[in-house]
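These notes concern the structure reproduced below.
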Amino acid sequence: MLRRRLATGTVLVLLAIWAILWLPSFYFGIALALLVTIGAWEWAGLIRLTNVVGRSGYTVLVVLCLWLAASYVHVVVVLTVACCWWLLSLVWVLRFPADRYWWTNRALAALAGMLVLVPTWIALMEMHRSAGMGPYLVLFLLVMIWLADSAAYFAGRRWGAHLLAPRVSPGKTWEGVAGAALIVVLYAFISGLIVLPGVGLLGVFVLLCLVTLMFSIVGDLLESMFKREAGVKDSGSLLPGHGGLLDRIDSLTAAAPVFVLSLLLSGLLK
């Protein structure tokens, strides 16, 4: 299982780097839309749309919402709504399993999937097509999440003693969060020293990376909450050794809107 997981992970990383750095933004957007489509199909399963017609209909609806948001809604509005959504999700996660109605109601759970998936596409596309270092910013965000996940895993395994959200995800610890925060600070600080035009922006950049990390944890926990309610370990079986696509992008779905909105508001992304 470990060998299969490593092999799948290596292929995914190489494909992601190739798509981010070498695909023009138009084709990168098409590839992202395909991932959103797969994610919508998996989310439909998590909210117990078990038949093909129901899952297909939900998937088409998410893609339609993606097109409408990209065509007619200003990116800042989409990202602001997404950030408000993730703040609400934090409340849901902290109160789990209280307020059960709000996350077991199928209509609300379906809306949650749209708020998870659509802003992710908007955020990554806004970053990728920005002038200058757009693709490298996308890669920076992905690498930051990968490093944070790895640091959290190893720190949790070595020092983990205080559970972060035992009713949602018993494997996550505060020590893991501390390990992830440390690696993110170092990564953001070193990267900022290299690329930022002035030292004055460095502290702001490191801070927004830390905020992005915290939201990425909420994204991970939210999907865990829906999987726990659905009684499944993984969102799907698309990726050998890893589960479904949502299992690999759950942190990104929360991190991307927060990161890009922070960059836009701070003037670091134009």
Margin query: Against the condition under 21 Å from R167 (Cα atoms), open to solvent by 60 Å² or more (accessible area, probe 1.4 Å) and outside any loop (DSSP other than H, G, I, E, B), how does L90 come out, does it pass?
Written below: yes
Next item on the list: Give V75, V116 a once-over and let me know the one that is among the aliphatic types (A, V, I, L, M), closer than 15 Å to A256 by Cα, open to solvent by less than 40 Å² (accessible area, probe 1.4 Å) and in contact with a Ser or Thr (Cβ under 6 Å, 6 or more places away or on another chain).
Entry: V116
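Right, V232: part of a loop (DSSP other than H, G, I, E, B) and either in contact with a Leu (Cβ under 7 Å, 6 or more places away or on another chain) or surrounded by 14 or more Cβ atoms within 10 Å (Cβ to Cβ) (or both) or not?
So V232 fits the description; yes.
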Check: Is it the case that G203 is open to solvent by 20 Å² or more (accessible area, probe 1.4 Å), more than 12 Å from the chain's Cα centre (by Cα) and not hydrophobic (A, V, I, L, M, F, W, C)?
Finding: yes
Notebook entry, point to check: Which one of these does L94 not meet: (1) closer than 30 Å to K270 by Cα; (2) touching a strand residue (DSSP E or B) at 6+ places or on another chain (Cβ under 8 Å)?
Noted result: (1)
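One line per residue, one yes/no per condition, for (1) closer than 30 Å to V78 by Cα; (2) of a type in the set (S, T, Y); (3) at pLDDT below 95:
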| site | (1), (2), (3) |
| --- | --- |
| L108 | yes, no, yes |
| L117 | yes, no, no |
| S130 | yes, yes, yes |
| L139 | yes, no, no |
| M144 | yes, no, no |
| G171 | no, no, yes |
| A181 | yes, no, no |
| F205 | yes, no, yes |
Check: Does V60 meet the test of being open to solvent by less than 60 Å² (accessible area, probe 1.4 Å), closer than 25 Å to H128 by Cβ and of a type outside the set (S, T, N, Q)?
Finding: no
Next item on the list: From the list L164, L221, L213, L207, pick out the single residue that is of a type outside the set (F, W, Y), closer than 19 Å to L87 by Cβ and not in a helix (DSSP H, G or I).
Entry: L164
Notebook entry, point to check: Among the listed residues L264, L245, which satisfies the condition of being among the aliphatic types (A, V, I, L, M), surrounded by 18 or more Cβ atoms within 10 Å (Cβ to Cβ), in contact with a strand residue (DSSP E or B) (Cβ under 9 Å, 6 or more places away or on another chain) and under 19 Å from L141 (Cβ atoms)?
Noted result: L245
Next item on the list: Considering only region 39-68, state which residues are of a type outside the set (D, E, K, R) and under 18 Å from the mean Cα position of the chain (by Cα).
Entry: G39, A40, W41, W43, A44, L46, V62, V63, L66
Next item on the list: Give the residue that is nearest to A256 (Cα to Cα), with candidates limited to residues of region 43-57 that are open to solvent by less than 80 Å² (accessible area, probe 1.4 Å) and either in contact with a Pro (Cβ under 7 Å, 6 or more places away or on another chain) or assigned to a helix (DSSP H, G or I) (or both).
Entry: W43
Note to self: All but one of (1) open to solvent by 10 Å² or more (accessible area, probe 1.4 Å); (2) in contact (Cβ under 8 Å) with a residue 60 or more places away in the chain; (3) among the polar types (S, T, N, Q) hold for T253; state the number of the condition that does not hold.
What the structure shows: (1)
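The values are calculated or read from the model by the stated rules, or taken from the named source; none is laboratory data. The structure displayed is predicted, hence computed values, not measured ones. Neighbour counts run over all protein chains shown; Cβ positions are idealised from the backbone, glycine included. What goes into the accessible areas is simple: the full protein's heavy atoms, side chains included, and nothing from ligands, DNA or RNA. Shrake-Rupley method; radii C 1.70, N 1.55, O 1.52, S 1.80 Å.
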